[in-house]
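Q: My structure is below; once you've seen it, I'll send some questions.
The values are calculated or read from the model by the stated rules, or taken from the named source; none is laboratory data. Note that this is a predicted model, so its numbers are computed, not measured. Backbone-built Cβ (ideal geometry, glycine too); neighbour counts: all protein chains shown.
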Amino acid sequence: MDSDRLRFSSIRETSKRPRLLWYFIPYVTVALGVGAFLMTVNGKVFASRIVSCLELLCNFIENCLTMILGITLLAIVGIFLTAIPISGHSGKESKAAKGAKSATSEDPVVLDAEVTKLFQEGKYTEALPLAKRLLAIKEKALGPNDLDVAKDLNNVASLYYYSTGSSVKAEPLYLRSLAILEMVLGQEHQNVAKVLNNLAELYQAMGAYAKAEPLFLRSLAIREKVLGLQHPDVAQSLNNLAGLYYAKVSYDRAEPLFLRALAIREKALGPGHLDVADSLHNIGRLWRIMSDYAKALPALQRALAIREKTLGKEHPDVAYSLHTLGTLFSDMGDYAKAEPLYLRSLAIMTKTMEPEHPHFVQCQSNLELLREARKSRGW
């Protein structure tokens, strides 16, 4: 059927062809008439004008296209130039410029961000002058009793202690921060508990245990009431109170608090969190002093591994872990393992804290004692 259909259509088209010629006769006649007119004088003038108009139109179109092409090329070049850095060192220059900006900036937001960054990196000496400038700006702009001023007083106090070990400069700043917070927020706010905890840590470092203990207990009570028994901040208070009992040689009171803090942190924060490392480090120190080396070693090694992974190998907290682990090996009589740990710890401390800092002094003292012990034994 398909082939019959095709033949039928072909026959019908062929039968219409002669009739199509009639449609072209009027067009052919007009074309001949126009051609005859153009052969006359007037026709030639008319034709030349048409040609001139067409030339002008073509020139106009050509100029427009050239202009459009030029604009397009300029736009492409502009996009290309903005997408490529001017110099291959632009990233480094930008970072340096950013550091210079924060070093001279009077913008509280810029200063606060830089202080936080340096604190987290353990660069306490670099952070301290920026934090002091930020505090001065806030006091001038907000007044001496603003909550932001209280926050910055707490931060400057912490940086004084972390960078220099100076309790003389840190204590009045903590006390002033605490007074503002209690006045504005009341005596049972969690921010009050935070400064109580920090002030208690300072008193503990000063050996003022009678001042430290009631502050630790008050901070713990506020946090348990406001945040609940399983909150990480509660674990911090437990950990620090245990540290006080450790310092007072009340090991039987310290151990259960350390263990409770560790359990809360591992459950709430995960096994690789920095707060877990803090708890492991502290319970490891306790087990070391109790001569339970089999428990102390894995706890201290795990704390060091977490800190190195999270903070990098040049952070002050890594230095503390190295120092404590070195002391453990020294207690075990393994001086060959202890000495390089002390040396690594001192190398970090030299970069991150003042030489008079208690941790720095203690590490130097332990290294000297170790070398004397090795010398006396002929090693």
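Q: From the list LEU259, LEU300, LEU280, pick out the single residue that is surrounded by fewer than 23 Cβ atoms within 10 Å (Cβ to Cβ) and either in a helix (DSSP H, G or I) or touching a residue at least 40 places away in the same chain (Cβ under 8 Å) (or both).
A: That would be LEU259, the only listed residue that is surrounded by fewer than 23 Cβ atoms within 10 Å (Cβ to Cβ) and either in a helix (DSSP H, G or I) or touching a residue at least 40 places away in the same chain (Cβ under 8 Å) (or both).
Q: Looking at the range 134-176, which of its residues are under 28 Å from the mean Cα position of the chain (by Cα) and assigned to a loop (DSSP other than H, G, I, E, B)?
A: Answer for the range 134-176, where residues must be under 28 Å from the mean Cα position of the chain (by Cα) and assigned to a loop (DSSP other than H, G, I, E, B): ASP146, GLY165.
Q: Now, a different point. Looking only at residues that are loosely packed, with under 12 Cβ neighbours inside 10 Å and among the charged types (D, E, K, R) in the range 338-379, which one is nearest to MET206 (Cα to Cα)?
A: GLU356
Q: Would the range 289-296 turn up any residue that is part of a helix (DSSP H, G or I), basic (Lys, Arg) and surrounded by 22 or more Cβ atoms within 10 Å (Cβ to Cβ)?
A: Within the range 289-296 (the criterion being part of a helix (DSSP H, G or I), basic (Lys, Arg) and surrounded by 22 or more Cβ atoms within 10 Å (Cβ to Cβ)), the answer is no, since none of the residues qualifies.
Q: For the list (1) modelled with pLDDT of 95 or more; (2) under 24 Å from SER166 (Cα atoms); (3) not in a helix (DSSP H, G or I), I need the number of the one condition that GLU354 fails.
A: All conditions pass for GLU354, except number (1).
Q: Please enumerate the residues belonging to the range 232-281 that are within 29 Å of the chain's Cα centre (by Cα) and under 21 Å from PRO214 (Cβ atoms).
A: Answer for the range 232-281, where residues must be within 29 Å of the chain's Cα centre (by Cα) and under 21 Å from PRO214 (Cβ atoms): ASP233, VAL234, ALA235, GLN236, SER237, LEU238, ASN239, ASN240, ALA261.
Q: Continuing with this model, one more query. Does ASP331 satisfy the condition of being surrounded by fewer than 18 Cβ atoms within 10 Å (Cβ to Cβ), out of contact with any strand residue (DSSP E or B) (no Cβ under 9 Å at 6 or more places or on another chain), in contact (Cβ under 8 Å) with a residue 24 or more places away in the chain and among the acidic types (Asp, Glu)?
A: yes
Q: Sticking with this structure for a sec: Quick check: anything in the range 176-183 more than 25 Å from LEU269 (Cα to Cα), modelled with pLDDT of 95 or more, out of contact with any His (no Cβ under 9 Å at 6 or more places or on another chain) and of a type in the set (Gly, Ala, Ser)?
A: Yes, the range 176-183 contains at least one residue that is more than 25 Å from LEU269 (Cα to Cα), modelled with pLDDT of 95 or more, out of contact with any His (no Cβ under 9 Å at 6 or more places or on another chain) and of a type in the set (Gly, Ala, Ser).
Q: Can you name the condition, by its number, that ALA294 falls short on among (1) in contact (Cβ under 8 Å) with a residue 12 or more places away in the chain; (2) farther than 28 Å from LEU159 by Cα; (3) out of contact with any Leu (no Cβ under 6 Å at 6 or more places or on another chain)?
A: (1)
Q: Before we move on, is ALA319 within 23 Å of the chain's Cα centre (by Cα) and without any contact (Cβ under 8 Å) to a residue 12 or more places away in the chain?
A: no
Q: Related question: For SER166, all conditions in the list (1) without any contact (Cβ under 8 Å) to a residue 40 or more places away in the chain; (2) surrounded by fewer than 21 Cβ atoms within 10 Å (Cβ to Cβ); (3) more than 24 Å from LEU311 (Cβ to Cβ); (4) not acidic (Asp, Glu) hold save one; what is the number of the exception?
A: Going through the list (1) without any contact (Cβ under 8 Å) to a residue 40 or more places away in the chain; (2) surrounded by fewer than 21 Cβ atoms within 10 Å (Cβ to Cβ); (3) more than 24 Å from LEU311 (Cβ to Cβ); (4) not acidic (Asp, Glu), SER166 breaks only (3).
Q: Within the range 99-128, how many residues are of a type outside the set (A, V, I, L, M, F, W, C) and either at pLDDT 95 or above or farther than 19 Å from ALA170 by Cβ (or both)?
A: 13
Q: Name the residue, out of ALA210, ALA221, ALA193, ALA179, that is under 25 Å from ALA277 (Cβ atoms) and assigned to a helix (DSSP H, G or I).
A: ALA193
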